[in-house]
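Single-structure report; data block below.
Just so you know, all these numbers are worked out from the coordinates, no wet-lab data involved. On a predicted model such as this, the values are computed, not experimentally measured, just so you know. Methodologically, a virtual Cβ is constructed for each residue, glycine included, from the backbone with ideal geometry; neighbour enumeration extends over all protein chains shown.
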Amino acid sequence: MSAAPDLPVVDAEEIRGLLEDYYARGWTDGLPVMPVTESVLAGFLAQTSRDPDEVLLDMPHLDRACTVRLAAINAAMAGCRPEYFPVVVAAWSALKAEGYVPRAIWQSTTGTASILLVNGPIRERIGLNSRSNVFGSGFRANATIGRAIRLTAINAFGLRPGELDQGTQGNPAKYSACIAENEEESPWPPFHVEHGFEPQASTVTAMTMRSVAHIEARHTQVPEQLALDIAGTVARTGALIHETISACIALGPEHAALFSRAGWGKDDVRRFVYEHAVNSRAALAAVGKDAVSGKTRWRLSSAHAESVPDSTADHDAVKVLNSERAVEIIVAGAHNAGVSAVIETFGPRGGPPAIAPIESS
Amino acid sequence: MLEQAGVPAVSLCTDAFVVPARAMADVLGHPGFEFVTIPHPIASLTPAEIEATVQQVVSDVVRILTKP
């Protein structure tokens, strides 16, 4: 027999009892949470210059708000290390700027979650994954920063499934969704630099996400073929609740390199996808989405009493994006296969993305 | 909110939303708020089906609106 490993001596029953108490109080997302004491909380609050009582985001319709203190408690419960907390604080700023969360999107039957994108040197400092399994598991910083947002939704805003969260199906990102851009293997400037930040700044971008749909394209070196494959995924009719949609294309490094070798910049990819993410009028009619409601502007059949023509009624090729700016492009994942993904972001967008700087210690 | 402003009001929701509706009423300080519930779904119904649903609940709507 080998010697007992050098493990701390603890009373497992006592720890499990504590975790069970957190479950019984309804304070978890279904997974165990880390215990928090005043001293633990103080360690998190020491990582930011913000006042503990400062409101980071409020939901007026619920008369509830997330303060720095509540964000810190939930970040600690989510398993964050204290040095992750400035990322969480910036995430709340980005979520507020993004605008859907204060307007109750987390309660909607739509079942969206917020996905966070981190840029800049903080990625390396705290070990945020931007490469293999970027949407997957295995990295504490990614897992717990995303989870900190969800636990706050549950514990500070009371958005429990089936009660104040009416998500019909929800989506897996409701556990946690925080990725980093693979800046090192991108042929283009990082996302935050594209939007006016210094390369040495670190930022969080918040997006409201429906689904992540992957594009398998290992077979081609032709940029137009790859871009059409992506555009076809963006254009799927099932995503169309509003007249148009928006998307963040997470190119794998191999696909980004393919475009770059062909002389395409991000704007070339964006323009191509905007122009080719289309459905024919007949294809929309076949699924009963060839017009919009005169009241809600949601898509429905032109045979419906409430229908009015959509804003491109005179076109047979109906664009699903309202502008080139409705598609963002990032680089994420491992440089090991021709795989990319469309993050379907909710709402008919086109404005600048919601990016918040991370306070540096 | 309309009732707080002195306007008689009634809330209709489909049976799928009874739990969230009660939770929302609690949050807004009106536990036990009375809803008229109708069968789910609504969004895909024809005008004739909507009319039939309305006929089922119109007396409840009037009862709540005229409740002292």
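What does the charge count near residue A:277 come to, summing +1 for each Lys or Arg and -1 for each Asp or Glu among other residues with Cβ under 12 Å from its Cβ?
0
Under a cut-off of 21 Å between alpha-carbon atoms, report the lysines in cross-link reach of residue A:266, not counting same-chain residues fewer than 8 places apart.
Candidates past the 8-residue exclusion: A:319.
Under 1.5 on a/c is rounded, so check that first for the protein assembly as shown, then, if it is not, pick prolate when a/b is larger than b/c and oblate when it is not; a ≥ b ≥ c are the square roots of the alpha carbon gyration tensor eigenvalues.
oblate
Of A:22, A:84, A:274, how do they rank once you tally other Cβ atoms within 10 Å and put the fewest first?
Sorted ascending by nearby Cβ count, the order is A:22, A:274, A:84.
Would you grab the residues whose amide H sits under 5 Å from the one on residue B:14? Only those 5+ places off in sequence or on another chain, please, with H modelled 1.01 Å from N.
Result for residue B:14 returns B:38.
Specify whether the C-alpha gyration tensor of chain B places it in the rounded, prolate or oblate class, a ≥ b ≥ c being the square roots of the eigenvalues: rounded for a/c under 1.5, otherwise prolate if a/b is larger than b/c and oblate if not.
oblate
Can you give me the relative contact order of chain B as a percent, contacts being Cα pairs under 8 Å and 6 or more apart?
Computed over chain B, the figure is 34 percent.
What whole-number distance in Å separates the alpha-carbon centres of segment A:289-361 and segment A:166-221?
Using only Cα atoms to place each centre, the spacing works out to 16 Å.
By count of other Cβ within 10 Å, fewest leading, how are A:139, A:44 ordered?
A:139, A:44
Divide by every residue of chain A the summed helix terms, -39500 (n - 2.57) for each DSSP H run of at least 4, and state the resulting mean residue ellipticity at 222 nm, rounded to the nearest 500 deg cm²/dmol.
Rounded to the nearest 500, the figure is -9000 deg cm²/dmol.
Tell me, what HN-Hα J-couplings in whole Hz come from the Karplus equation 6.51 cos²θ - 1.76 cosθ + 1.60 at θ = phi - 60° for each residue of segment A:48-60, using x for Gly and Pro?
Residue by residue, segment A:48-60 yields 9, 7, 6, 5, x, 8, 5, 7, 8, 7, 10, 10, x Hz.
Residue by residue through segment A:284-294, which ³J(HN,Hα) values in whole Hz follow from phi under the Karplus form 6.51 cos²θ - 1.76 cosθ + 1.60 (θ = phi - 60°), with glycine and proline marked x?
Values, residue by residue: 5, 5, 5, 9, x, 10, 8, 8, 10, 6, x Hz.
Rg to Rh for segment A:1-114: what is it, with Cα atoms only and Rh by Kirkwood?
Expressed as Rg/Rh, it is 1.07.
Would you please give the residues with an amide H less than 5 Å from that of residue A:298, counting only those at least 5 places away or on a separate chain, with H modeled from the backbone geometry?
For residue A:298, the qualifying residues are A:293.
When the Cα centres of segment A:115-129 and segment B:1-32 are compared, how far apart do they sit, in Å?
Cα centres, segment A:115-129 to segment B:1-32: 43 Å.
State the dimensionless ratio Rg/Rh of segment A:116-255 (Rg: radius of gyration of Cα atoms; Rh: Kirkwood radius).
Rg/Rh for segment A:116-255 comes to 0.98.
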